[in-house]
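Each reported figure results from applying straightforward, stated rules to the coordinates on display, with no laboratory input. Computed from a predicted model, the values in this text were never measured in an experiment. Every residue, glycine as well, gets a Cβ built from its backbone with ideal geometry; the counts of neighbours run over all protein chains shown.
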Amino acid sequence: MIAAFPETTPLIIAVDGPAASGKGTIAKALAAHYALAYLDTGKLYRAAGLAVRLAGGDPADAEAAAAAAAHFDEALLAVPDLMSSANSEAASIVSAHPGVRAALLARQRAFAAQPGGAVLDGRDIGTVIAPHAPAKLFITASPEIRAARRHRELAASGDARDLAAVLADINARDARDRGRSAAPLRQAADAALLDTSDLAIGPAVQQAIALVEQALGRDRQQQG
Ligand code: C5P
């Protein structure tokens with residue numbers, strides 16, 4: 001069932017969290033539930049990382065990475081290598097450059113502001129891209145559970161990797177995403193926390209909807 005919204009301003013739902021926390025699945029389900037457009041912002045950073053790799057460049061090169069973020073070929077958003085573990089690493093490295101984040105900012109804000117409303121998932125949606133979003137979720141799960149999920153996803157896409165190596169990658173990406181100075185991964189002060197470690201997809205989505213409803217109820221009270 002699609003919930004009705006009496007608000008005149010478009011609804012924005014910000015969903016942030018670390019890799020394989022379940023934020024993508026939850027964000028997509030929220031978009032379907034509320035009939036909102038959906039953007040996986042990780043794909044933009046992944047496309048910038050892939051563009052640098054395809055050009056034979058180094059993701060640590062701030063200038064090359066910023067140019068790639070500003071001009072990457074949109075077709076890259078659909079290539080299978082976008083989601084590979086090699087490209088996760090490149091995305092995580094390019095995403096720490098302030099020039100890369102600046103190049104992708106306007107596009108994400110424009111998506112968030114579209115008249116029909118939107119759900120965006122990423123690392124800095126509630127803190128930087130849409131700090132005024134009326135509903136914000138921060139999705140987490142233990143590193144071991146996230147590594148097991150990512151390991152299954154990679155295996156299903158033919159990218160067979162050792163579970164210990166996947167866990168090491170996840171920990172390295174978390175440390176980079178949390179430790180960078182430009183828009184680090186962190187829970188916004190007004191974001192609701194949802195730990196999906198012990199939750200199957202259905203209950204996790206139900207809890208996410210309940211948290212969004214609570215946030216929207218608070219927002220309406222503040223407006224009224
Ligand atoms: O979400 P996903 O794991 O696909 O993102 C890939 C990488 O892109 C992350 O590890 C993170 O470094 C970066 N990213 C980011 N900000 C976002 C989305 C993703 O820095 N909003």
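So here's what we get for this one:
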| read-out | value |
| --- | --- |
| Some residue of segment 86-103 being within 16 Å of residue 24 (Cα to Cα), within 11 Å of the ligand (Cβ to nearest atom) and not acidic (Asp, Glu) | yes |
| Contacts under 7 angstrom Cβ, first residue in segment 18-38 being of a type in the set (Phe, Trp, Tyr), partner part of a helix (DSSP H, G or I) and more than 11 Å from the ligand (Cβ to nearest atom), 6 or more apart | 38/28; 38/31 |
| Selection count where residues are among the aliphatic types (A, V, I, L, M) and surrounded by 14 or more Cβ atoms within 10 Å (Cβ to Cβ), scope segment 186-201 | 5 |
| Scope segment 122-163; condition within 15 Å of the ligand (Cβ to nearest atom), in a loop (DSSP other than H, G, I, E, B) and within 28 Å of residue 108 (Cα to Cα); matching residues | 123, 124, 130, 131, 133, 141, 157 |
| Number of the exception - residue 75 against (1) under 19 Å from residue 54 (Cα atoms); (2) within 13 Å of the ligand (Cβ to nearest atom); (3) loosely packed, with under 15 Cβ neighbours inside 10 Å; (4) aliphatic (A, V, I, L, M) | (2) |
| Positions within segment 38-59 being surrounded by fewer than 24 Cβ atoms within 10 Å (Cβ to Cβ), closer than 12 Å to residue 79 by Cα and within 13 Å of the ligand (Cβ to nearest atom), in sequence order | 43 |
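Condition check ((1) among the β-branched types (Val, Ile, Thr); (2) in a helix (DSSP H, G or I); (3) out of contact with any Pro (no Cβ under 9 Å at 6 or more places or on another chain)) across all residues:
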site	(1), (2), (3)
168	no, yes, yes
173	no, yes, no
178	no, yes, no
184	no, no, yes
199	no, no, yes
215	no, yes, no
